[in-house]
Every structure is written in structure tokens, then in C-alpha cells.
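Enquirer: Just passing along the structure, written as C-alpha cells.
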Amino acid sequence: MIDKTAFVHPTAIVEEGAVIGANVHIGPFCIVGANVEIGEGTVLKSHVVVNGHTKIGRDNEIYQFASIGEVNQDLKYAGEPTRVEIGDRNRIRESVTIHRGTVQGGGLTKVG
């Protein structure tokens, strides 16, 4: 569901099932997966990828080429359900990667 006040650039891809809050701005060439929730007022600059079971809070700024919610790089990871949660009012700069958690770490990566 995409809120009627949200802006999604025509080149962005938002998969069915994603929840996009009020006044969210999704910039050019972004990809937002089906299991993603983006809170009110959050801005995704160009080329941001948000995937997996990921919840992003309100009023965040996520800059170019950031990748959030992809499978973690732990060699012990065996496909267990894991997730990412990002709180409110964070600034995630260019080319940052935030992977989903590991079972050993509680299955959650939490920022802010």
C-alpha cells in the first residue's frame, strides 16, 4: 500500500505488499521489496535498495546507493527468517549496507 501523499519516482520499483507511509519520497531508480515498511516523511535518494523483512521509521534520510535488508554475510547463515529495524530520524549516508541479523544475534539488526 502506498499512501496517496507519497511520491514514487517513475523509474523506482515498489513491489506489491510494501507499505509506504505519508509524505515518503522514493527517488529515481530505487527498489523497495514486498516485505518493506517505510514510515512517514522518510526520503530515499536515488538508487537505494530496501529489501527483506525491513521496517524503517519516520523522518529518515537514506542517501544514494545504500542497501538495506539484504541477506547477511555470516557464513553460518542458513536462510533463517531475520530482519532489519531502523528507528526514527536517522541519516544513512551514501553506499552504506545494513544487512539483516543472524539467529545467533537474535535475528535482528536494529539501528536508531
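The values are calculated or read from the model by the stated rules, or taken from the named source; none is laboratory data. This is a predicted model, so every value here is computed, not measured. Note that we place each Cβ from the backbone using ideal geometry, even for glycine, and neighbour counts take in every protein chain shown.
Enquirer: Check off (1) over 11 Å from the mean Cα position of the chain (by Cα); (2) surrounded by 18 or more Cβ atoms within 10 Å (Cβ to Cβ); (3) not aromatic (Phe, Trp, Tyr) for VAL49 and give me the number that stays unchecked.
Expert: Single failed check for VAL49: (1).
Enquirer: Exactly one of (1) within 21 Å of GLU16 (Cβ to Cβ); (2) part of a loop (DSSP other than H, G, I, E, B) is unmet by HIS47. Its number?
Expert: Looking at each condition in turn, HIS47 falls short on (1).
Enquirer: Looking only at residues that are farther than 17 Å from GLU61 by Cα and hydrophobic (A, V, I, L, M, F, W, C) in segment 6-17, which one is surrounded by the most Cβ atoms within 10 Å (Cβ to Cβ)?
Expert: Only one residue tops the list, namely VAL14.
Enquirer: Which ones in segment 54-63 are surrounded by fewer than 23 Cβ atoms within 10 Å (Cβ to Cβ), outside any loop (DSSP other than H, G, I, E, B) and either touching an Asp or Glu at 6+ places or on another chain (Cβ under 9 Å) or polar (S, T, N, Q) (or both)?
Expert: LYS55
Enquirer: Within segment 23-46, take every residue that is farther than 20 Å from ARG89 by Cα and of a type in the set (Gly, Ala, Ser) and give me the one that is surrounded by the fewest Cβ atoms within 10 Å (Cβ to Cβ).
Expert: ALA34
Enquirer: Oh, and also: So ILE20 passes all but one of these: (1) closer than 19 Å to THR109 by Cα; (2) free of Cβ contacts under 8 Å to residues at least 40 places away in the same chain; (3) buried (at least 17 other Cβ atoms within 10 Å of the Cβ). Which condition number does it fail?
Expert: The failed condition is (1).
Enquirer: Give the residue, chosen from THR102, THR109, THR82, that is at pLDDT below 95, of a type outside the set (Phe, Trp, Tyr) and surrounded by 17 or more Cβ atoms within 10 Å (Cβ to Cβ).
Expert: Exactly one of THR102, THR109, THR82 is at pLDDT below 95, of a type outside the set (Phe, Trp, Tyr) and surrounded by 17 or more Cβ atoms within 10 Å (Cβ to Cβ), namely THR102.
Enquirer: Can you name the residue in segment 69-79 that is in contact with a Gly (Cβ under 8 Å, 6 or more places away or on another chain) and surrounded by 16 or more Cβ atoms within 10 Å (Cβ to Cβ) and, of all such residues, is farthest from VAL96 (Cα to Cα)?
Expert: Once the filter is applied, the top-ranked residue is ASN72.
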